[in-house]
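Chemist: My questions will all concern the structure given below.
The values are calculated or read from the model by the stated rules, or taken from the named source; none is laboratory data. It should be emphasised that the depicted structure is a prediction, and the values quoted were computed from it without experimental measurement. No Cβ is skipped: glycine too gets one built from the backbone with ideal geometry, and neighbour counts run over all protein chains shown. These area figures cover heavy atoms from the full protein model, side chains too; ligands, DNA and RNA do not enter into them. Shrake-Rupley method; radii C 1.70, N 1.55, O 1.52, S 1.80 Å.
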Amino acid sequence: MDKSYTPHVIEPKWQAYWAAHHTFAVSNDLAELATRPKYYILDMFPYPSGAGLHVGHPEGYTATDVLARYKRTRGFHVLHPMGWDAFGLPAERAAEREKIHPAEITRRNIDNFRTQIQRLGFSYDWDREVNTSSPEYYRWTQWIFLQLYHKGLAYMAEVPVNWCPALGTVLANEEVKDGRYVETGDPVERRSMKQWMLKITAYADRLLADLETLDWPEGVKEMQRHWIGRKEGINLFYPVEGTTETIVCFTTRPDTNFGATFISLAPEHPFVAQVCRGEIASPERAAVEAYVRESLGKTELERQEEGRTKTGVFTGHVAVNPLTRRSMPIWVSNFVLAGFGTGAVVGVPGHDRRDFEFAVAFHLPILRVVVGPDGDTSPITRAEQVQEAEGTMIHSDFLDGLPIQVAIERMKDHLETRGWGRRMVTYTLRDWLFSRQRYWGEPFPIVHDPSGAIIPLAEGLLPVTLPHIDPFRPTDDGQPPLARAGDDWLMVTLPDGRVALRETNTMPQWAGSCWYYLRYLDPHNAHAPWDPALERYWMPVDLYVGGVEHAVLHLLYARFWHKVLYDCGLVSTTEPFQRLFNQGMILAYSYQDAHGKYYHPADVQQVADGYAVRATGVPVTSRIEKMSKSKNNVVNPDEVIAKYGADAMRLYELFMGPLEQTKPWQIDGVDGVARFLARVWRLYIDERQGGVSPRLTDDAPSTTPALWRLLHQTIKKVEEDTEHLRLNTAIAQMMIFVNAATQSATFPRSLARDFLQILAPYAPHLAEELWEAMGETPSITHVAWPTHDPALCTEETMTIVVQVNGKRRDHICCAIDAAEADVVQAARTEKIAQTIGTGKIVKTIYVPRRLVNFVVR
């Protein structure tokens, strides 16, 4: 009878058992919940793309699953849900390619993702599954939008956007390069369009301050701080000669104002527009118009990149610096962005690298008003002389001799007293552009009456369902796809009899992901987005795990919505995610020939001087890169599971290295972990006879004292490492125990049961099967975690290396509390005596608990 380890039989069996028994479901009964502490562990839910999962995706899911299973054994109510971030432009593009409706594409992709995820045995509460594209879900997304609108945080404004005519939608700056959409190559143009905006800037200070309350990676906090970009400074007022206009420039360094020599304006600045329209006369009008036209055709990101090579044009006007009475030429330059500060920059080329480069390019004066620690007071002619940081003021009248930080505040007082400036706090953060000209997104719960007035719909009219239209492209005259819907959807009769037109823009993909963690609390509630009592019990999320690529936008937007909900009295916490962990990326080997063609790893073999294509012998270069279909290096988890089993894949993903590190996938590593699991199986099961191995006995654990002690040390280490997500070292410790148990003649059942309990969060299918084989009642899921005995976790003996002249010659075992003299005496073994021979010990070195070294001459 062959009873070898067969994961392809065991794993579906237990997955079916868990599903049938709702093993991981958690109650909504508040009385039952109150009996235990809670632990809410959340994965960043995936966008269900057509490509499905690759082996990099489940790493974070596996880590959270281990912790969720572990916390259940420690007596916690564990909320561990999964769902789908299902709206978005990718589904629309796929639908166009395949000639299938986005709703059908999304359903198909979700089914595939769910199947792949369930094959890995994750302990999600599938009764709480959410889908952001279902009307039952986005009804409440629309409801939250109405809360924002009623608080004055949602408004419409005319703003410049990146418009892609081919796709008929607005794109983010990050999606555009060299005037084209990065994914399709379609041309992008700048347009001014009326868009929905959310006033996230109203929460800038709170979003910044509350970062200090969060247990997040410092790098992520710093990225959010940088994105918010809070700056304390002053608006400086510079009158324009010969006009009634004043240019306002924001700066954080007013101390250098004695060194100001020019002003540069963004192409969108109102003064520039007046010059272009001829409202302010200028001999340079034609040049300014041409430069503005060229600049406005580019995205802000492109302008920032091009800003490394300074360009600009003189407006024909000068402004007066009231501090020095000097005239300063006013330029237009595309490195100045309208959305930052006031869209006007005062140039101090002696003390700002960017200003220095501009001044050099256009032969503008460069003045020194700060001397640095090197004491250099010579004229500034080279970039390395530009003093931007610490220093002392010179050539600055009443500021001379003051350190920079003192001079900054002194100058602010001076300018404000004379009406030449006003203290200001500015932010890099700008209001959130919240509308998209696409089909596959949440409709707005808004109508426009015949006069153009905005009317929010009553909550009883939600959800505004997405109409089924085909084609789902913009209309020929450029209106969003929803303008194609029939009048039965577009036209709404108001209570007073007027007929209003529905909003035809849709919300961005970020909308559904801003609050999904709250819907998981009460996903089937038809009367409210969540039960307040359940929210008070479960929130905040105790651990949120996902990729660092979401460090800014998703996390910032979700924090913003949560704070608004808090102000509305709808949630009880000021922050949604108390602890954040970013798992590292799993990379894969790619193989590319000299012509740039990539080959699948299966088509490549190792040769004497590297790698070559198996069929042709063409040499290829191997690299470790991000998994990509274009690089032919995507590893499908279904194939790994089919060959090795889900438990092996789970363990390998965690054993590769620290969870937060980036690491390469190597299939040989899965093979090694699979062999480890097979050894575990053989510890418990007699593969030839079937049934439990005869080495499992009812003997007391004290009959195998070394194994007993090692098990308690293993329980302690796995417990500590699991709590701190040091999952690779927890697995390594379990391997040490299995090696020792394999060498033991007997394996007491009490030790065998305890080991299965600590293995179960990591290899749950195997643990369940062996638990049942031992006659225990399934499931092992909620069996209490074994308690380690601190006395058994303390070593009784120690191994001491014995050296002669620094070379290892022997080793000894001593009592852990042995005195130094006793250790040294014991170290003089017969083998050491033979090594020393007729030599003389001139010195003895003892390193406690590690070694004895005899120095011999």
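Chemist: Report every pair of residues separated by at least 6 positions or lying on different chains whose Cβ atoms are under 7 Å apart, first residue within the range 243-258 and under 16 Å from G233 (Cβ atoms), second among the charged types (D, E, K, R) and surrounded by fewer than 24 Cβ atoms within 10 Å (Cβ to Cβ).
Modeler: T252/K231; T252/E232; P254/K412
Chemist: Still on this structure: Filter the range 733-765 down to residues that are among the β-branched types (V, I, T) and open to solvent by 30 Å² or more (accessible area, probe 1.4 Å) and give me whichever is farthest from L696 (Cα to Cα).
Modeler: The qualifying residue farthest from L696 (Cα to Cα) is I736.
Chemist: Same structure again: Are any of the residues in the range 416-425 closer than 30 Å to F145 by Cα, open to solvent by 50 Å² or more (accessible area, probe 1.4 Å) and of a type outside the set (S, T, N, Q)?
Modeler: Yes: the range 416-425 contains one or more residues that are closer than 30 Å to F145 by Cα, open to solvent by 50 Å² or more (accessible area, probe 1.4 Å) and of a type outside the set (S, T, N, Q).
Chemist: For the range 793-811, how many residues are surrounded by 11 or more Cβ atoms within 10 Å (Cβ to Cβ) and either in contact with a Leu (Cβ under 7 Å, 6 or more places away or on another chain) or modelled with pLDDT of 90 or more (or both)?
Modeler: Final tally of qualifying residues: 10.
Chemist: If a residue must be farther than 19 Å from P37 by Cβ and either assigned to a loop (DSSP other than H, G, I, E, B) or touching a helix residue (DSSP H, G or I) at 6+ places or on another chain (Cβ under 6 Å) (or both), how many such residues does the range 532-545 contain?
Modeler: Selection size over the range 532-545: 1.
Chemist: Looking at this structure, is P523 open to solvent by less than 30 Å² (accessible area, probe 1.4 Å) and either assigned to a loop (DSSP other than H, G, I, E, B) or of a type in the set (G, A, S) (or both)?
Modeler: Criteria met by P523.
Chemist: Another one. From the list A674, A642, which residue is at pLDDT 95 or above and buried (at least 17 other Cβ atoms within 10 Å of the Cβ)?
Modeler: None of the other options fit; the residue is A674.
Chemist: Right, next: Taking D470 as meeting all but one of (1) in contact with a Pro (Cβ under 9 Å, 6 or more places away or on another chain); (2) in contact (Cβ under 8 Å) with a residue 12 or more places away in the chain, write down the number of the exception.
Modeler: D470 satisfies all of (1) in contact with a Pro (Cβ under 9 Å, 6 or more places away or on another chain); (2) in contact (Cβ under 8 Å) with a residue 12 or more places away in the chain except (1).
Chemist: Please work out if F271 is among the aromatic types (F, W, Y) and open to solvent by 10 Å² or more (accessible area, probe 1.4 Å).
Modeler: No: the conditions fail for F271.
Chemist: Just give me the residues in the range 259-279 being in contact (Cβ under 8 Å) with a residue 40 or more places away in the chain, of a type in the set (A, V, I, L, M) and not in a strand (DSSP E or B), in sequence order.
Modeler: A260, A266, V272, V275
Chemist: Restricting attention to the range 450-466, which residues are in contact (Cβ under 8 Å) with a residue 40 or more places away in the chain, part of a loop (DSSP other than H, G, I, E, B) and more than 36 Å from the chain's Cα centre (by Cα)?
Modeler: Scanning the range 450-466 gives a single hit, P450.
Chemist: Another one. So, in the range 622-639, of the ones that are part of a strand (DSSP E or B) and farther than 30 Å from D65 by Cα, which residue ends up least open to solvent (accessible area, probe 1.4 Å)?
Modeler: Once the filter is applied, the top-ranked residue is S622.
Chemist: Also, I was wondering about something else. Taking S378, is it among the polar types (S, T, N, Q) and surrounded by fewer than 22 Cβ atoms within 10 Å (Cβ to Cβ)?
Modeler: yes
Chemist: Let me ask another. Has the range 617-634 got at least one residue that is in contact (Cβ under 8 Å) with a residue 60 or more places away in the chain and among the aliphatic types (A, V, I, L, M)?
Modeler: For the range 617-634, residues in contact (Cβ under 8 Å) with a residue 60 or more places away in the chain and among the aliphatic types (A, V, I, L, M): present.
Chemist: Suppose the filter is in contact with a Gly (Cβ under 9 Å, 6 or more places away or on another chain), at pLDDT below 95 and under 30 Å from A95 (Cα atoms); does P481 pass it?
Modeler: When the stated conditions are applied, P481 passes them.
Chemist: Pairs please, first residue from the range 552-567 and free of Cβ contacts under 8 Å to residues at least 40 places away in the same chain, second anywhere and of a type outside the set (D, E, K, R), Cβ atoms under 6 Å, 6+ apart in sequence or on different chains.
Modeler: Y566/T574
Chemist: Identify, from the list I117, I110, the residue that is at pLDDT 95 or above, of a type outside the set (K, R), more than 20 Å from W14 (Cα to Cα) and not in a strand (DSSP E or B).
Modeler: One residue alone meets the criteria, I110.
Chemist: Are there any pairs with C-beta distances below 9 angstrom linking a residue in the range 141-155 that is over 21 Å from A528 (Cβ atoms) to a residue that is among the aromatic types (F, W, Y) and open to solvent by 30 Å² or more (accessible area, probe 1.4 Å), with the two at least 6 apart or on different chains, and if so which?
Modeler: Cβ pairs passing all conditions: Y155/Y149.
Chemist: Name, by its number, the condition in (1) in contact with a Phe, Trp or Tyr (Cβ under 6 Å, 6 or more places away or on another chain); (2) buried (at least 19 other Cβ atoms within 10 Å of the Cβ) that does not hold for A730.
Modeler: With (1) in contact with a Phe, Trp or Tyr (Cβ under 6 Å, 6 or more places away or on another chain); (2) buried (at least 19 other Cβ atoms within 10 Å of the Cβ) applied to A730, the lone miss is (1).
Chemist: Give all pairs with beta carbons closer than 7 Å in which a residue from the range 827-839 that is surrounded by fewer than 13 Cβ atoms within 10 Å (Cβ to Cβ) meets a residue that is aliphatic (A, V, I, L, M) and in a helix (DSSP H, G or I); count only pairs at least 6 apart in sequence or on separate chains.
Modeler: No pair meets every condition.
Chemist: I would also like to ask the following. State the number of residues belonging to the range 548-570 that are open to solvent by less than 10 Å² (accessible area, probe 1.4 Å) and not in a helix (DSSP H, G or I).
Modeler: Number of matching residues: 1.
Chemist: Find the helices (runs of 4 or more DSSP H) located wholly in the range 749-857 whose residues include 1 or more that are under 30 Å from A63 (Cβ atoms) and of a type in the set (A, V, I, L, M, F, W, C), and list them.
Modeler: Once the helices (runs of 4 or more DSSP H) in the range 749-857 are filtered for at least 1 residues that are under 30 Å from A63 (Cβ atoms) and of a type in the set (A, V, I, L, M, F, W, C), what remains is 749-759, 764-773.
Chemist: Further, regarding this structure: Limited to the range 580-621, what total is found for residues that are under 30 Å from R726 (Cα atoms), out of contact with any Pro (no Cβ under 9 Å at 6 or more places or on another chain) and not in a loop (DSSP other than H, G, I, E, B)?
Modeler: Summing the residues that are under 30 Å from R726 (Cα atoms), out of contact with any Pro (no Cβ under 9 Å at 6 or more places or on another chain) and not in a loop (DSSP other than H, G, I, E, B) in the range 580-621 gives 0.
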